[in-house]
1. Does at least one position in region 50-60 carry a residue that is hydrophobic (A, V, I, L, M, F, W, C), surrounded by fewer than 16 Cβ atoms within 10 Å (Cβ to Cβ) and modelled with pLDDT of 85 or more?
2. Which members of region 271-323 meet the condition of being of a type in the set (Ser, Thr, Tyr), open to solvent by 40 Å² or more (accessible area, probe 1.4 Å) and over 23 Å from the mean Cα position of the chain (by Cα)?
3. Condition (residue is open to solvent by 30 Å² or more (accessible area, probe 1.4 Å), without any contact (Cβ under 8 Å) to a residue 40 or more places away in the chain and either of a type outside the set (Val, Ile, Thr) or more than 17 Å from residue 36 (Cα to Cα) (or both)) applied to region 111-121: is it met by at least one residue?
4. Check whether at least one residue in region 16-24 is part of a loop (DSSP other than H, G, I, E, B), within 18 Å of the chain's Cα centre (by Cα), under 16 Å from residue 96 (Cα atoms) and of a type outside the set (Asp, Glu), and report yes or no.
5. Consider only pairs whose beta carbons are under 6 Å apart and that are at least six residues apart or on different chains; among these, list those whose first residue lies in region 122-148 and is touching a residue at least 40 places away in the same chain (Cβ under 8 Å) and farther than 16 Å from residue 288 by Cβ and whose second residue is among the hydroxyl-bearing types (Ser, Thr, Tyr) and surrounded by fewer than 18 Cβ atoms within 10 Å (Cβ to Cβ).
6. Please work out if residue 226 is farther than 22 Å from residue 155 by Cα, assigned to a helix (DSSP H, G or I) and either open to solvent by less than 70 Å² (accessible area, probe 1.4 Å) or modelled with pLDDT of 95 or more (or both).
7. For region 289-337, how many residues meet the condition of being of a type in the set (A, V, I, L, M) and more than 17 Å from residue 9 (Cα to Cα)?
8. For residue 153, work out the one condition from (1) in contact (Cβ under 8 Å) with a residue 12 or more places away in the chain; (2) surrounded by fewer than 17 Cβ atoms within 10 Å (Cβ to Cβ); (3) at negative phi it doesn't fulfil.
Amino acid sequence: MNTESHFDLVTLGSGSTAFAAALRAQELGKTSVMTEERTVGGTCVNRGCLPSKNLIEAAKIIHDARHPRYPGLRPAEIGLDFRKLVEQKDEVIHGYRKKKYESLTGGQFTIKVGHVEFVDAHTVQVDGRRLTAERILIATGSRPVIPEIDGLRDVPFLTSDLLTNDEPMEMHELPSSLIIIGGGYIALELGQMFHRFGVDITILERNSQLLAHGYEPGVGEAIGEVFEKEGIRVLTKAAVRAVRQDRHETIVSAHVNGEARELRAAKLIVATDRRPNSDKIDIEKAGVTVGKKGQVIVDEFLRTNVPHIFAGGDVIGSEVRSQMATPVGSQDGGIAAHNAFSNDSPRTVNHRVIPRTIFTDPQVAVVGMTEEEAQAAGHKCWCNTVPMELVPRAGAIRDTHGIIKMVADDDTEEVLGVSMVGNSAGEVIHEAAMAMRFHAKIHDFIEMLHVYPTMAEALKIVAISRFKDPAKLSCCAE
């Protein structure tokens, strides 16, 4: 028998978007309920951002000990107990989830656990219990795409969910070898991490280089060179045709540069893409429109075509220039709740400046447009790339891998985008992002005094290259 509860807001999901919305609704005096089919907190805290960065840093400690950058430091071998390492990762996740998610409930919002589906435009059902609301927010996130490869569904394979906790697919033992299908950010982070843990890695990328979409060509080339030096096998122009199981190994049949090859590994990871979770919630019963890739269509107020239903986070895909990232989703949640309940003027989303980082070593960080995107938008571009070896801090710490590229409008000199591969790139990119929020120009980066020596100087140096050769300047000179 169905029981029914009424709230001001029902949110499908319990990740960063959902919690931000619930907290904002609570501030406005509204009641709300979230739903969760897996683990409270969603992808980022449980099986994405947080667990991966925890283990990536552990792998870096092992690598740096084996390969000290400084003459006079002897290589050292650090013992590895992978099961214990996973246990400490789980402890970190449990603590973070409790502090940042579970402990926040109990005021004017709560969580119902189970599979959620729409009944109609004002009602959802969670394992037989009906929840109704004046406003609804779809924040169901995204999941890994499983490509159509012959035999794939007949063999055991892993996705990025292998870093989860409290779920059966969590990895507790290291395989001897891994084949990773995909050459995007997830493949790169996992590939380098597992390689540094001692796993033989092969990455299969169908395009001619890593990070082929949405990044400057030089970015993929730079990180590819790093992987080659580390001994990570990267096969580009690799079209996977089929997979099959042979006892304890997975065999991948692929055409690599037009040549048929068979590759073997103990385990297979599929890391090709992610797709919005909109297809298993009976969204059509609410009358909400979705796009060809499953993204929920929204306007700049995050409102769907059904006026009282909003959506935000990964589930909207690239709508309103959005990107799949936890901070984006969190901001979306607050905006959606504000627009649903506040008497103040509605807020619009602004996804013009979204900094992103890939936590490889060195890190990859980007914000704004690439050169190709700027030209497609009608800008006459000034663009230049500077190697990290021209950044004094990089030289001082003997870590000169990487590049920095700046994209600017040639007429106005407004900076439109920055891409960086280098030490601490994920921190440096925030200066570029803040500057771009206020439409900074090339001279703003040049005239700002930077601490010497820091990696952030890379921004000043690449800006200087608009007018001078930075290789021929003394330290800090403009």
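The values are calculated or read from the model by the stated rules, or taken from the named source; none is laboratory data. Keep in mind the model is a prediction, meaning the values are calculated, not measured. Because the Cβ atoms are built from the backbone with ideal geometry, glycine has one as well, and the counts that use them run over all protein chains shown. Only protein heavy atoms, including side chains, enter the accessible area calculation; ligands, DNA and RNA are left aside. Shrake-Rupley method; radii C 1.70, N 1.55, O 1.52, S 1.80 Å.
1. The answer is no; no qualifying residue exists.
2. Within region 271-323, just 289 meets the criteria.
3. no
4. No, because not a single residue in region 16-24 is part of a loop (DSSP other than H, G, I, E, B), within 18 Å of the chain's Cα centre (by Cα), under 16 Å from residue 96 (Cα atoms) and of a type outside the set (Asp, Glu).
5. From region 122-148, the pairs are 129/3; 131/5.
6. It is true that residue 226 is farther than 22 Å from residue 155 by Cα, assigned to a helix (DSSP H, G or I) and either open to solvent by less than 70 Å² (accessible area, probe 1.4 Å) or modelled with pLDDT of 95 or more (or both).
7. Of the residues in region 289-337, 10 are of a type in the set (A, V, I, L, M) and more than 17 Å from residue 9 (Cα to Cα).
8. (1)
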